[in-house]
1. Given the options A:L200, B:G232, A:A65, identify the residue whose Cα lies farthest towards the positive end of the charge dipole of the protein assembly as shown (+1 on Cβ of Lys, Arg; -1 on Cβ of Asp, Glu).
2. Projecting each Cα onto the charge dipole of region A:148-307 (Lys/Arg +1, Asp/Glu -1 at the beta carbon, about the Cα centre), which of A:G300, A:L172, A:V264 comes out farthest on the positive side?
3. For chain A, what is one quarter of the convex hull surface built on the Cα atoms, given in nm²?
4. Hey, got the dipole for region B:241-344? About the Cα centre, +1 on K and R Cβ, -1 on D and E Cβ, debye to the nearest 20?
5. If amide H atoms are built 1.01 Å from N in the plane of the peptide, which residues on other chains or at least 5 residues away come under 5 Å of the amide H of B:H257?
6. Can you list the copy-to-copy distances for B:R258, using a point 7 angstrom from Cα toward Cβ, in nanometres, shortest first?
7. Given a cut-off of 18 Å, what percent of all Cα-Cα pairs of region A:1-156 lie beyond it?
8. Specify, per residue and in Å³, the volume enclosed by the convex hull of the alpha carbon atoms belonging to region A:204-344.
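Please treat every number below as a calculation from the coordinates, not as lab data. If you're wondering where the values come from, they're calculated on a predicted model, not measured in any experiment. Neighbour counts are summed over all protein chains in view; Cβ atoms, including those assigned to glycine, are modelled from backbone coordinates with ideal geometry.
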Number of protein chains: 2
Amino acid sequence: MKVEAGQALSLATELLEARGAEHSNARLQAELLVEAELRGHPSHGLQRLPRLLARIERGLVAPNATGIQTWSGSAFLAVDGEAGLGPVVAHAAIEKLVVRVEQTGIAIAGIRDANHLGMLALYAQSIAQRGLIGIVLTSSEALVHPYGGDKAMMGTNPVAIGMPTSGEPYVLDMATSVVSMGKIHDYALKGEPIPPGWALGPDGAPTLDAQQAKSGSIAPFGGAKGYGLGLGFELLVASIAGTPPAPDVRGTLDADHRANKGDVIIIVKPGSAGVGAIVSGYLDMVRDSKSDGDAVTIPGDRSRQRRQHAISEGFEVDPRVWDELVAAGSNVPASVRKSYHEHV
Amino acid sequence: MKVEAGQALSLATELLEARGAEHSNARLQAELLVEAELRGHPSHGLQRLPRLLARIERGLVAPNATGIQTWSGSAFLAVDGEAGLGPVVAHAAIEKLVVRVEQTGIAIAGIRDANHLGMLALYAQSIAQRGLIGIVLTSSEALVHPYGGDKAMMGTNPVAIGMPTSGEPYVLDMATSVVSMGKIHDYALKGEPIPPGWALGPDGAPTLDAQQAKSGSIAPFGGAKGYGLGLGFELLVASIAGTPPAPDVRGTLDADHRANKGDVIIIVKPGSAGVGAIVSGYLDMVRDSKSDGDAVTIPGDRSRQRRQHAISEGFEVDPRVWDELVAAGSNVPASVRKSYHEHV
């Protein structure tokens, strides 16, 4: 079914507010989910909301916590997320970093005990839109098998990079797995088979069954190199955020455990003010570099086009997901229900 | 022909000293080249030395420059490399960063006007051996075609990550191209065809001819993701070091131009002292994770084994490369010759 951005944003915000989230926190979380839908990544969109609502109801998410922030070094912000919403804790950290980086030139946040960040592109983009360079990493449950291995031992270890240009920022957001587990869930939800090479089943043998893949393991992208890079990112997050490696991570795909993954946000001030124009000029050269005149795609280009289209035309949502959300509106446990008086 | 590490190190050091490099600088540069040979990467080894010697002779390298270091932020070291040797300028920057990071928690150097760093693994390893996390990026000439493109528009955009463990550090060092241009040169030197999928010729069509590939373009690794990541690293280096994107870079593969690529070194202090043991325990779990009992390889493992073997058994060098180096010993232009009196 077709849904409009405003409609989805209102519903998601209300569902979160009804469970005690203050408006600004609910809105920030809702935007993350709706932006993922607009950009064509339903795996990071509304289908994650029912689980998030259940997590709040069970006390696994404290929807108004912004995190305890400690400068363990003058450019190193150690954040105890207090079980807060991922976007709320991360944005609070970013606000601190963007101020500090003016003095230090680079600043980093290591975040533990916050919930799922959602699509990393938005954080990188928001940093780049302030004229700063952003690098975002996050860890997850063990979902990916090592190159040459046959068991899930690593997270999907995504990375986002945001770079200011003189126009729209360069925004890269990618898992170091051949596909995100979110997309496997998306295939499972649709009951469609996954392409060959994506995953192994729980027995370690290749599978095309999305359900088997969910309890098996996804391949790293790009063979040995992608594996090495994913493992490197995994170790960076664990060492910087002080969080466990993937096999001990819980709480981004379930409604039973407090989230113990880690997030790392690095912000760098570009070397000079003229860099944006140089980057834009170069990216245009790359776009126009093909002999036959076809445009070469720059990461972020297609996502922006899809977003533009979805803003005006709406986006497709699985009716089961939408129905579940609508039902959640009239099904708020009394223990977490926010009364009118608390609300104002 | 078989060469011993000590023998290669002495010859390379002497050749550099004969052209005016102080002993410690010559030794540092020579070690970079010999370590690459020991680890099985001749593309970053002795075959690069004749060009480097020619560059010194032509005044394109100032062998004793350590770089002008300016703290543009309290954790951001902007380095003007003064045409120094890559390893000399980079190690001088690392010395500053490792002190500063104790206060700041993270510190970064953006380096311009230094020569080729060589194998990045050694820098990452040296940082990790001090109990710190190292990330190293460097840019290069346009050698790689975009995913979906057919012309060289990007550098090979390598990344190295060094992580302290309770044993040997985790050291990843990889180009974001499917192969390094150094390896293509290696194939060209041996007159061997390159594997399919590695490169396009200057006409934009796939080629197996290493000579054609040298004047054509290499593929990014891992398809669209590897391309996006390489492009992201390219933009990071350009924006942080203030150096041009690949199409305008010169001086790492020729003896005609001053090097104008950029280098970025990031050092992070791990969140807690106990992290090394956690990382080691996790890496051992990954090594032992395969159902059939075969070991899963961790980046750096094979390289360490090769190094151990080459230390005791020596390593193979193309006799033409060795002959050229030996000849370079008795063929020092008077203009750069270091006299005994200057030397002491």
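1. Sorting the options by dipole projection puts first A:A65.
2. A:V264
3. Numbers: hull surface 74.0 nm².
Mean projected area of the Cα convex hull: 18.5 nm².
4. Details: 13 positive and 15 negative charges, 78 e Å.
Taking the Cα centre of region B:241-344 as origin, the dipole is about 380 debye.
5. HN-HN under 5 Å from B:H257: B:G251.
6. Its label point is 5.8 nm from the equivalent points in the other copies.
7. Details: 7483 of 12090 pairs.
So the pairs more than 18 Å apart make up 62 percent of the total in region A:1-156.
8. On the way: hull volume 44.0 nm³, N = 141.
Measuring per residue, one finds 312 Å³ for the Cα hull of region A:204-344.
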